[in-house]
Structures are given as structure tokens and as C-alpha cells.
Amino acid sequence: MEMEEGEVQTVHFFAPNPSYFPLQSVEGWTILVTGVHQEAEECDLLDLFGEVKSLHLNLNHRTGYLMGYALIEYDNFEAAQDAISTMNGTELFDSTISVDWAFCHDPSNASYLRSPHSHRSRTTIRRF
Amino acid sequence: MAGVVGGEEELEEFYVRYYVGHKGKFGHEFLEFEFRSNGMLRYANNSNYKNDTMIRKEVYVTPAVLKECRRIILESEILKEDDNQWPEPDRVGRQELEIVMGNEHISFTTSKIGSLVDVQSSNDPEGLRIFYYLVQDLKCFVFSLISLHFKIKPI
């Protein structure tokens, strides 16, 4: 189904810890991967996480190895959500990774939790 | 009310603030960021050089991001350190790092650190080295978060 730009759709999002509502970044949707093996490389993550828009894989300044986290940006909500639901809890080099959203709406404003099926969702999915 | 549904661990008190700055011919120039236990990440960067303006950004991060921030701090073992042998802030500048984790509330204040040479020549090279690396790792984490979310170059 195609939607007009700006049309609001109720989103049933998946999050390992569903106490918050994911927030869209300026140019996409950002997720956090933790538990990344310190000797993993960019290409290992790109192989696992598919079509990413950007990847930040920062180094530990003292050791020169990875910090152990990666921040990944996707163009669209579905791709980010897929990455979270399929990759969270999987193994990369004998290390279990956790994958979750990076940004969220103000958690104290939790009206969406009381009525998860209402049309008051603040997330606008824009297609095309 | 973070963690209404799924959270246990994010109920622990958590706060981190880092400031680095100086007052000079371009006024008060500084970089500051903080993480609060409700997930708010605040970032400010004021540079008056070439009429640059103040950048202020605020966004809520998820419990997963806070947990990673907490891990970075714990693994650095900064909580065992003490700043009383560290160089005092001076005309060149000032750094402050404040951390609240559970029952611990600790603050560090020192001068700017140009390089590891400054660390080695100080009275507490081991402690100052931990601070020096932790600050870089935290800055790097925050810059990645801010630049991905807002599409700005933080420095």
C-alpha cells in the first residue's frame, strides 16, 4: 500500500526493551550494537547488517582496538527494525551482540504505552 | 519514569557531565555534554572563532545507550581515581568530569591536557592517563551519537 507523504501510520515496533518509543534521526534511523568483539572489522559488520547508510565503529584510544560498540544508521524504519529483531542476541566471533534503537522519544511522555493501538503514534513513516 | 515496562537496570541513578573550555580573546569557548538517567543527552559547543555560533542539541537516548556509556566508564576504572595531584585549571583552560553512578558521586577538575607528554610529566601520570583516555572515548561516543542523529559535524 502506498502512502502519501506525511501520512501517519500506527507503527508496531520491535525493541528488546520496549519501555520507550524509537525516534527518527534527521536522515534515517539509528541503532546501537554492543558486545562487538574488539578485533572485528568494518567489513564484518557490513556483511551482517546489510544496506547501511552509515557505520561508526569507534576505537578505544588506549588499546587501539574497538570500543565494543557500533552505531549504524539505516535509511528507513523497517530496515533498522529488521536488523534489531534478527541480529539481537546473535554471535559475532564468540561474542554475543545486543542490538537496540539508539534514540527514543521522551520516556516520561509515555502515552503510547497506555494505548499501544491508538492512532496517536508520533512516528510518521514517509514512503517515497 | 524510565523503565515502566521492561527496565530494571536503568533505575539506578546515572549522570555524567564533561566540560572543557577557556575564556580568551574569542570569549568563553567550550564544549559540554551530559547524560542523565532519564536518557537525556545534552550537547553544547560554543566557539566564537570566525563568528561561529553556539550549537546546542538535546535528544533522548535509549537505556541501551546509557548502559554502554556506563560500561565505558566502569571499565576505565576512573572511579578509583582522585584529582588532588592533578594540574589545576589555568589560563589555557579547564576540564571537568562529573559522574554519578548508584551511590558514587565523583568530580574531577583539571587543566587542559595537550598530549600524553603532559600526562607523563604530571604528579599522577597513572590517574591522569585514565582520565585522558576516558575523556577521548566518551567524546568519541557523544560525537558519533550527535552527528548521526542531527547530521552536524560536532567540532
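The values are calculated or read from the model by the stated rules, or taken from the named source; none is laboratory data. These numbers were taken from a predicted model, which means no experiment stands behind them. Neighbour counts are summed over all protein chains in view; Cβ atoms, including those assigned to glycine, are modelled from backbone coordinates with ideal geometry.
The listed residues are A:His37, A:His56, and the only one of them that is more than 17 Å from B:Leu148 (Cα to Cα), buried (at least 16 other Cβ atoms within 10 Å of the Cβ) and modelled with pLDDT of 95 or more turns out to be A:His37. A count restricted to segment B:131-155 and to residues that are under 13 Å from the mean Cα position of the chain (by Cα) and touching a residue at least 12 places away in the same chain (Cβ under 8 Å) stands at 11.
Residues of segment A:56-109 that are facing chain B (nearest Cβ under 9 Å) and of a type in the set (Gly, Ala, Ser): A:Gly68, A:Ser98, A:Ala102, A:Ser108. All conditions but one from (1) facing chain A (nearest Cβ under 10 Å); (2) of a type in the set (Val, Ile, Thr); (3) in a strand (DSSP E or B) apply to B:Thr109; the one that does not is (1).
Evaluation of B:Ser122 against the conditions (1) hydroxyl-bearing (Ser, Thr, Tyr); (2) away from chain A (no Cβ under 13 Å); (3) out of contact with any Phe, Trp or Tyr (no Cβ under 8 Å at 6 or more places or on another chain) shows that the sole unmet condition is (3). Among the residues of segment A:59-83, just one is touching an Asp or Glu at 6+ places or on another chain (Cβ under 6 Å) and crowded, with 21+ Cβ neighbours inside 10 Å, namely A:Tyr69. For segment B:38-103, the strands (runs of 3 or more DSSP E) that sit wholly inside it and include 1 or more residues that are surrounded by 18 or more Cβ atoms within 10 Å (Cβ to Cβ), free of Cβ contacts under 8 Å to residues at least 24 places away in the same chain and within 14 Å of chain A (Cβ to nearest Cβ) are B:55-61.
Scanning segment A:30-72 for residues that are out of contact with any Lys or Arg (no Cβ under 9 Å at 6 or more places or on another chain), among the aromatic types (Phe, Trp, Tyr) and not in a loop (DSSP other than H, G, I, E, B) returns a single hit, A:Phe49.
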